[in-house]
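Worksheet for the structure shown next.
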Amino acid sequence: MSLLKVTNLTKSFGGVSAIRDLSFTIEPGTIHSIIGPNGAGKTTLFNLITGVYTPSSGSVRFADREIGGVEPHKLAALGMNRTFQNLQIFHNMSAVENVMVGAHLHLQKGLLHSLLRLPSLARSEVETRKHCWELMDFVGLSQYRDAEASAMSYGALKRLEIARALAAKPKLLLLDEPAAGLNDTETREVDEVIKRIAAQGITVVLVEHDMKMVMGISDHILVLDYGAKLAEGTPAEIRSNPDVIAAYLGNVG
Amino acid sequence: MSAFLQRHRGLLILAACIALLPLGVRNDYHYDVLINAGLNAIVVVGLNLLIGYAGQISLGHAAFFGLGAYASAILTTTYGWHSLTAMGAGMAGVGVLAYVVARPILRLKGHYLAMATLGIGVIISIVLNTEAQITGGPDGMSAEPFSVFGFAFQTEKSWYWLVGGCLLASVWLATNLINSPIGRALRALHGAEVGARVVGIDTTHYKVLIFVISAMFASFAGSLFAHHTPTVTPSILGFIKSVEFVVMAVFGGMASVMGSVVGAFIMTLLPNVLASIEDFEPIILGAIMMGTMIFMPKGLVPTIAKKLRRKEAP
Amino acid sequence: MLESSIQFILAGLTSGAIYALVGLGFTIIYNASHVINFAQGEFIVIGGMSTVALMAAGLPLPVAIMLATLVTMAVGMALAKFAIQPARDADVVALIIITIGASIFLRGIVQLVFGKDIHSLPHFSGETPLNLMGATLMPQSLWVMGVAAALILVMAWFFNATLAGKAMLATAYNALAARLMGVDTKWVLLSAFALSALLGAVGGIVVTPITFVSYESGIMLGLKGFSAAVLGGLGNGVGAVAGGLILGIVESMSAGYISSAYKDAIAFVIILVVLVARPNGLFGKKGIDRV
């Protein structure tokens with residue numbers, strides 16, 4: 001059974017369709033990439049899947065539940081999480097606290113416990129912090145264990161968002177351009193991190209411009225153009241697809 | 001234990017200050033000013049949870065302070081309730097009211113939220129001003145003395161220790177809350193609301209929760225105020241008073257519990273210090289408000305703390 | 001019944017015209033800087049008080065009005081230059097505190113210079129009430145409505161038909177782009193404060209014969225103007241004017257038919273209902289969170 005099933009999805013903004021009649025499925029335990037030229041609707045698609053936007057029509061099913069228009073925080077509880085192209089970092093908090101916010105769903109949140117800091121809450125806080133430090137190690141942020149988020153570089157913040165999303169223990173993780181703005185070394189590190197995430201059984205969907213990265217790690221690729229599906233298949237199939245070649249190279253010649 | 005010390009360093013400094021301040025107190029008037037400063041500080045500690053940590057403005061918090069005060073005054077005199085029961089009933093009532101209004105208005109953002117909270121404050125203030133049979137109208141009314149387990153607080157000195165203790169408790173509760181999953185959720189929705197939502201935080205729920213909690217802090221302080229002051233009048237819950245509370249929070253430092261306390265003390269003491277040059281009081285007060293925000297927009301305590309940290313670091 | 005309704009509507013339009021001017025003042029500054037200027041009500045007081053003082057010094061009314069307006073505009077520009085410009089990058093809440101501080105500061109100065117007494121001005125065209133379908137109307141009310149309408153039309157012309165006005169609107173839309181196109185955004189801020197001081201001062205002067213003026217009268221008028229601007233949808237000039245008129249009429253109707261003690265409360269209840277139904281005001285546009 002597919003983990004995510006998108007059927008005839010359409011989203012328009014004031015008469016302009018950003019996503020047009022799009023259908024595809026995502027199987028569990030794989031790495032999927034969504035590619036396409038700028039303005040192809042990739043980020044809009046992400047926002048539709050994660051509940052930030054409400055679809056104009058069509059259906060999005062996650063783990064066999066209709067989720068079109070469901071609020072983001074409920075989707076997170078169902079096991080979906082994401083990162084952002086333009087970052088949604090809590091700059092008013094420390095790095096590890098950012099990750100701890102990701103663990104929110106799994107923590108004890110009683111008001112009385114919190115106000116009085118009862119021993120059970122104090123213990124769980126210590127454990128959570130330790131766990132979140134480990135997640136920071138996992139994405140390669142060991143040197144930022146005690147840093148404030150506001151003092152971190154763009155590349156580090158991108159990985160901090162991944163750690164935060166992992167803290168929520170998602171089944172499906174959507175990464176919006178995880179390598180954008182990173183140098184080659186950082187890109188390779190993120191590449192490694194994504195592979196290790198997938199190895200843990202988490203399904204990964206990424207929007208990415210770095211073709212080398214996409215071709216290297218994806219099991220499956222979806223190509224969008226003007227909000228509609230242009231092609232779909234394995235990296236090898238996409239590489240030899242004439243429509244894709246035309247879309248990417250056609251304008252040049 | 002050391003973690004406790006680290007988290008509550010401010011609390012210990014505050015406790016020391018409260019213990020030592022009476023050494024400099026010459027008369028009951030001094031105590032009176034300090035008591036009012038402490039009561040304001042309790043309100044502002046709660047208000048700062050909403051403004052500084054959760055990033056939601058309220059220009060109507062004096063109304064909750066006033067409702068608490070009137071609940072205590074009315075229930076202890078007209079209905080002969082015990083002062084603690086009256087205080088509890090006031091807090092519960094204010095909590096319910098805050099919950100009811102918070103759900104619709106906290107969907108609003110920025111200046112629209114400021115307008116809505118301001119409106120609620122003005123409405124409550126007009127109602128209490130007008131329903132004179134119940135509230136005494138513009139003349140106000142007084143409450144029975146405050147008593148706990150048979151001990152009635154009559155002297156200024158006993159009030160000083162009572163308010164000091166309550167302030168310490170408020171600071172402790174607020175600090176605990178900020179460093180809990182709830183506190184992180186509040187700071188997260190301030191920092192990046194969409195980011196908070198996608199990791200599973202029901203931001204509306206937390207905005208409402210903190211609005212209710214901060215309103216109950218205000219109601220609590222208002223109840224104490226009612227028992228301490230000779231008469232409760234509608235002037236304590238007007239727009240100006242609401243603004244004063246916000247100014248205390250911002251002046252002392254947003255997202256800083258100790259900043260709230262420092263802001264409340266300075267802004268309460270200042271008019272008393274300036275009273276000798278009465279004519280210039282508003283001019284100086286206004287100039288201080290503008291100057292602080294222009295030259296240290298983060299507020300007093302965070303700015304000073306940052307300077308100190310920079311000095312410590314090599 | 002009909003007569004009293006007309007009476008209330010006329011009274012509502014008179015105060016609504018002033019709210020509209022103050023609301024428009026909020027809007028102009030908001031558009032130029034995203035600042036809500038809580039000192040807006042002080043412009044009214046400074047305008048009214050200075051006219052009173054200048055007339056007491058022996059100047060004829062028209063001269064006193066002109067000088068008082070210039071004084072208020074100078075105060076507005078000083079406020080922009082010394083309090084708002086240095087804090088341009090501050091948080092919204094910090095800016096709110098600055099303008100509230102400014103209003104307390106200005107109120108203090110007014111109190112120091114003019115005292116705490118309530119002052120008035122002579123009615124511009126006498127005090128013989130006019131009769132309008134059974135309702136009475138003071139000639140001064142006509143002055144208030146007429147001057148407000150004229151100012152609103154001038155503002156509409158300024159923002160839609162002059163280069164300076166368009167430059168100010170462009171800055172409101174996108175400050176960076178406007179700067180790149182050669183608009184001096186510092187000038188825009190100063191002009192915005194000067195213009196809204198002008199609106200406040202003139203509004204304050206024409207209404208003083210009816211409502212009188214004291215150092216404190218700016219607080220409530222400022223709040224009402226803010227309410228008008230928010231009711232219409234912040235940043236929308238037409239909305240602010242409509243919001244002001246609606247507010248004035250609602251108030252006067254509630255005072256007449258329900259309870260004068262509760263007129264302000266009813267006005268605020270209506271504002272709350274509108275905001276809950278339309279979180280961006282009556283004429284505001286819905287914003288989308290960009291991520």
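The values are calculated or read from the model by the stated rules, or taken from the named source; none is laboratory data. Predicted model only: the values in this text are computed from it and were never measured. Every residue, glycine among them, receives a Cβ derived from its backbone with ideal geometry; neighbour counts consider all protein chains shown. Calculation scope for accessible area: heavy atoms of the full protein, side chains included, ligands and nucleic acids excluded. Shrake-Rupley method; radii C 1.70, N 1.55, O 1.52, S 1.80 Å.
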Restricting to DSSP H runs of at least four residues, report the calculated mean residue ellipticity at 222 nm for chain B, -39500 (n - 2.57) per run over all residues, nearest 500 deg cm²/dmol. -24000 deg cm²/dmol
Once you put a point 7 Å from the Cα of B:ALA305 and another 7 Å from the Cα of C:THR136, both along the Cβ direction, what distance in nm separates them? 6.3
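If the chain between B:LEU84 and B:ASP279 were fully stretched, how many nm would it gain, using 0.36 nm times the residue separation less the Cα-Cα distance? If you can, show how the numbers build up before the last one.
Numbers: separation 195, 0.36 × 195 = 70.20 nm, distance 4.08 nm.
In short, 66.1 nm is gained.
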With T = 37 °C, eta = 0.692 mPa s and Kirkwood Rh from C-alpha pairs, the Stokes-Einstein D of the stretch A:198-253 in µm²/s is about 267
antiparallel share of DSSP beta bridges within the protein assembly as shown, to nearest 5, in %, is 65
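Using DSSP to define loop residues, name the chymotrypsin sites (Phe, Trp or Tyr not before Pro) in the stretch A:51-99 whose beta-carbon has at most 15 other beta-carbon atoms within 10 Å.
Details: sites: A:TYR53, A:PHE62, A:PHE84, A:PHE90; in loops: A:TYR53, A:PHE84, A:PHE90.
Passing sites in the stretch A:51-99 do not exist.
For chain C, what mean projected area does the convex hull of the alpha carbons give, in nm²?
Values: hull surface 65.7 nm².
That works out to 16.4 nm².
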Could you quote the convex hull projected area for the stretch C:128-280, Cα atoms only and averaged over all directions, in nm²? 11.4
With N set to the residue count of the stretch B:1-105, report its C-alpha Rg divided by 2.2 N^0.38 Å to two decimal places. 1.35
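Quick one: of the DSSP bridges fully inside the stretch A:117-253, what percent are antiparallel, nearest 5?
Details: 5 of 10 bridges.
Around 50 percent antiparallel, to the nearest 5.
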Just how much of A:GLU148 is accessible, in Å², when a 1.4 Å probe is used and the result is rounded to the nearest 10? 90
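Would you mind getting the accessible area per residue of chain B, heavy atoms of the protein chains only, 1.4 Å probe, in Å²? Walk me through the numbers on the way to the answer.
Numbers: 12150 Å² over 314 residues.
Here the residues of chain B average 39 Å² of exposed surface.
Work out the P(r) tail for the stretch A:148-253: percent of alpha carbon pairs separated by more than 21 Å, whole number.
Details: 2346 of 5565 pairs.
Every Cα pair in the stretch A:148-253 considered, those over 21 Å come to 42 percent.
Out of the total accessible area of the protein assembly as shown (probe 1.4 Å, heavy atoms of protein only), what percent is carbon and sulfur?
Exposed carbon and sulfur together represent 63 percent of the surface.
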Using a 1.4 angstrom probe on protein heavy atoms only, which residues from the stretch B:114-128 are buried by at least 50 Å² of accessible area when all chains are present rather than their own chain alone? B:MET115, B:ILE123, B:ILE126
Distance histogram in 5 Å bins (all Cα pairs of the stretch C:74-122, percent per bin): 5, 18, 22, 21, 14, 10, 7, 3, 1
Below 22 Å, Cα to Cα, which lysines can B:LYS307 reach? Residues fewer than 8 away in the same chain don't count. B:LYS298
Extending each Cα 7 Å along its Cβ direction at C:ALA164 and C:VAL63, get the distance between those two points in nm, one decimal. 2.6
Taking a threshold of 24 Å on the Cα-Cα distance, which of the pairs B:LYS109/B:LYS241; A:LYS11/A:LYS74; A:LYS11/A:LYS195 fall above it? A:LYS11/A:LYS195
Figure the gain on full extension for A:HIS131 and A:GLU66 (residue separation times 0.36 nm, minus the Cα-Cα span) and round it to one decimal in nm. 20.2 nm
Using a Förster distance of 60 Å, the FRET efficiency for A:ARG188-B:TYR99 (Cβ separation, nearest 0.05): 0.70
Might you tell me the accessible area per residue for the stretch A:108-253, computed with a 1.4 Å probe and given in Å²? 47
Cα radius of gyration and Dmax for the protein assembly as shown (Å): 29.9, 93
Cut-off 13 Å, label point 7 angstrom out along Cα-to-Cβ of B:ASP28: give me the residues of the stretch B:225-264 whose amide nitrogen falls inside. B:229-230
Ranked from the most accessible area to the least, with a 1.4 Å probe and all protein chains present, what is the order of A:GLU177, A:GLU186? A:GLU186, A:GLU177
Name the residues of the stretch C:105-123, by number, that are at least 20 Å² less accessible with every protein chain in place than in the isolated chain; the surface is that of heavy atoms, probe 1.4 Å, without ligands or nucleic acids. C:PHE105, C:GLY108, C:GLN111, C:LEU112
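For an R0 of 51 angstrom, estimate the FRET efficiency from the Cβ-Cβ distance between A:ASP243 and A:ARG123 and round to the nearest 0.05.
E between A:ASP243 and A:ARG123, to the nearest 0.05, is 0.35.
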Inter-label distance for A:SER153 and C:SER120, nm, one decimal - labels placed 7 Å from Cα along Cα-to-Cβ: 7.4
Only counting protein heavy atoms at a 1.4 Å probe, give the residues of the stretch C:263-286, ordered by number, whose accessible area falls by 30 Å² or more when the other protein chains are present relative to the chain alone. C:ALA265, C:PHE268, C:LEU272, C:LEU275, C:VAL276, C:PRO279
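Summed for both chains, how many Å² of accessible area, to the nearest 100, are buried between A and B with a 1.4 Å probe?
Details: alone 12070 and 15430 Å², together 24810 Å².
For chain A against chain B, roughly 2700 Å² becomes buried.
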Once you order the gyration tensor axes a ≥ b ≥ c over the Cα atoms, which shape class does chain B get: rounded for a/c under 1.5, otherwise prolate or oblate by comparing a/b with b/c? rounded
Can you tell me which of C:LYS224, C:LYS116, C:LYS263 moves the most in a GNM of chain C? Springs connect C-alpha atoms under 10 Å apart. C:LYS116
Could you work out how far helix A:154-167 tilts from the main Cα principal axis of chain A, as a 0 to 90 degree angle to the nearest 10? 70
Part-to-part distance (alpha-carbon centres) for the stretch C:194-262 and the stretch A:1-55, which is given in Å: 49
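How much space per residue, in cubic angstrom, does the convex hull of the C-alpha atoms of the stretch B:215-313 take up?
Given the Cα convex hull of the stretch B:215-313, per-residue volume reads 134 Å³.
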At a probe radius of 1.4 Å, figure out the B/C buried accessible area, summed over both chains, and give it in Å² to the nearest 100. 3800
Relative to the Cα centre, what is the charge dipole magnitude of the protein assembly as shown, using +1 at the beta carbon of each Lys and Arg, -1 at the beta carbon of each Asp and Glu, and rounding to the nearest 20 debye? 1160
Once the dipole of chain B is set up from charges on Cβ (+1 Lys and Arg, -1 Asp and Glu), the residue from the list B:TRP161, B:VAL199, B:LEU59 lying farthest towards its positive end is B:VAL199
Applying the Karplus parametrisation 6.51 cos²θ - 1.76 cosθ + 1.60 with θ = phi - 60° to the phi angles of the stretch C:260-273, what ³J(HN,Hα) value in whole Hz is obtained for each residue in order, glycine and proline being reported as x? 6, 5, 9, 4, 5, 4, 5, 4, 5, 4, 5, 4, 4, 4
How long are the semi-axes of the equivalent ellipsoid of the stretch B:1-51, defined as square roots of 5 times the Cα gyration tensor eigenvalues? Whole Å, largest first. 25, 18, 5
